[in-house]
Amino acid sequence: MEFETKIVRGMIQPDPTTGAIIPPIYQTATYVLEEVGKDKGFDYTRSANPTRQTMEEYLALIEGGKYGVAFSSGMSTVDSCLKLLKAGDHIVCSDDVYGGVSRHFDQLLTQYGLTFTYVDSQNPDNVSSAIQPNTKMIWIETPTNPLLKITDLKTVGDIAKKHDLLYCVDSTFATPVFLKPLDFGADLVIHSTTKYLSGHNQLIGGIVITNRVDLFESLKFIQKTVGAVPGPFDCWLTILGLKTLDLRMKKHNENGIQVAEYLESHPKVENVIYPGLASHPMHHIAKEQMSGYSGMISFELKGGLSSGKALMNHVKLCLLAESLGAVETMITHPATMTHVDVPREERLARGFSDGLVRLSVGIENVTDILNDLDQALNYL
């Protein structure tokens, strides 16, 4: 089965009871047992639900993995993966990660005895040098949020294997359409299903996918025990979104390249960060391990923060909103929105300025997106 067909069909079969082409929503908390000790594979929805299981299997299939474990948000997915560790363990992490992740690591998990070292993982030597005797995990985000840094997953995967470390990759920006981290040695692949996978700004959710049965069993235990699970309706909406994922991502990518090229040529734009541009310092790695570059662009304007605010206050089609990866084009000021809890000194040290603008390019007609940016840039 070709990938495009897998995206549309998964392994979903018509409902055996009615022949329904779309899986039913099993909106139930519990299940009646046939007799003591005998059920039909389900006993309580916190533990398992047919709609959620269909989604988990669907996502595992298109990621190229064996097992999927779903959670109620991307952040609860991250938290559950870190629950595989114990007090005293050390994690090497990409320095440019989603602000909610660094907030969770630094302000919560450090209180439970975990320690973190942040490195620019674009240089694999930085990852290798940061490993300590108590290091148990390497956490990579690629492309990163919001600086769109690219990590050489194969090289870092070899480092993780050499030191017998858990290798986790957050691939939310790329999706399985453009990148499959399991092919490069990842043990766990994380996605916020809130973003491109569901794709329509309609839900919050997360998924972790693995080929290792031991990790799957541990994560299922965490899922059941903690109970941070997505509801059946959210799972059903994700299933519907997945059916158009391949088409949507190719359109996001097509639009993203054109918008990035436009911004790079604009006299009021200081710098554009997009892995699909030859000017990106890791474009060669992105080109090797990815089949497309998605629709995420970050850029800085001449005039810094004041220019950025003027742009975001004058766009009309582009929506000023704290999210990404949906069919609508959205624009964000990370320093005051998505990454507001990251200390300014830390941001600046990463090269993440106050004036950085993040654009999630949607699937509208690209001419309309360009025209909107053009009219807004005229206010600068």
(request) Take the chain, connect every pair of alpha-carbon atoms lying under 10 Å apart with a spring to form a Gaussian network, then pick out the residue of ILE297, ILE91, ILE21 with the largest mean-square fluctuation. (result) ILE21
(request) Give a quick list of GluC sites (Glu not before Pro) in the range 293-375 that DSSP marks as loop, anything other than H, G, I, E or B, with at most 10 other Cβ atoms within 10 Å. (result) none
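What number do you get for the range 96-196 when its Cα radius of gyration is normalised by 2.2 N^0.38 Å, N = residues?
Compared with the compact-globule rule of thumb, the range 96-196 sits at 1.03.
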(request) List the trypsin sites (Lys or Arg not before Pro) within the range 269-349 that fall in a DSSP loop (any state other than H, G, I, E or B) and whose Cβ has at most 11 other Cβ atoms within 10 Å. (result) LYS316
(request) Note down the relative contact order for the chain as a percent, whole number, built from C-alpha pairs under 8 angstrom at least six residues apart. (result) 17
(message) Report the gain in length on full extension from GLU254 to ASP341: 0.36 nm times residue separation, minus Cα-Cα distance, nm rounded to one decimal.
(response) 28.1 nm
(request) Could you sort out which of LYS149/LYS309; LYS162/LYS224; LYS180/LYS243; LYS83/LYS243 sit more than 29 Å apart by Cα distance in this structure? (result) LYS162/LYS224; LYS83/LYS243
(message) Expected output is a single nm value to one decimal: the length gained when fully extending between MET1 and LEU348, i.e. 0.36 nm times separation in residues minus the C-alpha distance. What is it?
(response) 120.2 nm
(request) Identify which of PRO16, PRO334, PRO343 has the largest mean-square fluctuation in a Gaussian network model of the chain, with springs joining Cα atoms closer than 10 Å. (result) PRO16
(request) Report relative contact order for the range 1-65 in percent, whole number only (criteria: Cα-Cα under 8 Å, sequence separation at least 6). (result) 33
(message) From the helices alone, meaning DSSP H stretches of at least four residues, give me the mean residue ellipticity at 222 nm for the chain, per-run term -39500 (n - 2.57), in deg cm²/dmol to the nearest 500.
(response) -11000 deg cm²/dmol
(message) I'd like the distance separating the alpha-carbon centroids of the range 204-247 and the range 294-363, in whole Å.
(response) 29
(request) Quick one: divide the alpha-carbon radius of gyration of the range 245-377 by 2.2 N^0.38 Å and tell me what you get. (result) 1.01
(message) Of the candidates SER265, SER298, SER80, which one comes out as most mobile in a Gaussian network treatment of the chain with C-alpha springs shorter than 10 Å?
(response) SER265
(request) Would you calculate the volume per residue, in Å³, of the smallest convex hull containing every Cα atom of the range 1-127? (result) 184
(request) Could you grab the Rg to Rh ratio for the range 163-290? Cα atoms only, Kirkwood for Rh. (result) 1.04
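Any read-out appearing in this document is the output of simple, stated calculations on the displayed coordinates, not a laboratory observation. All values derive from a computational prediction rather than experimental measurement. Cβ atoms come from the backbone with ideal geometry, glycine included; neighbour counts cover every protein chain shown.
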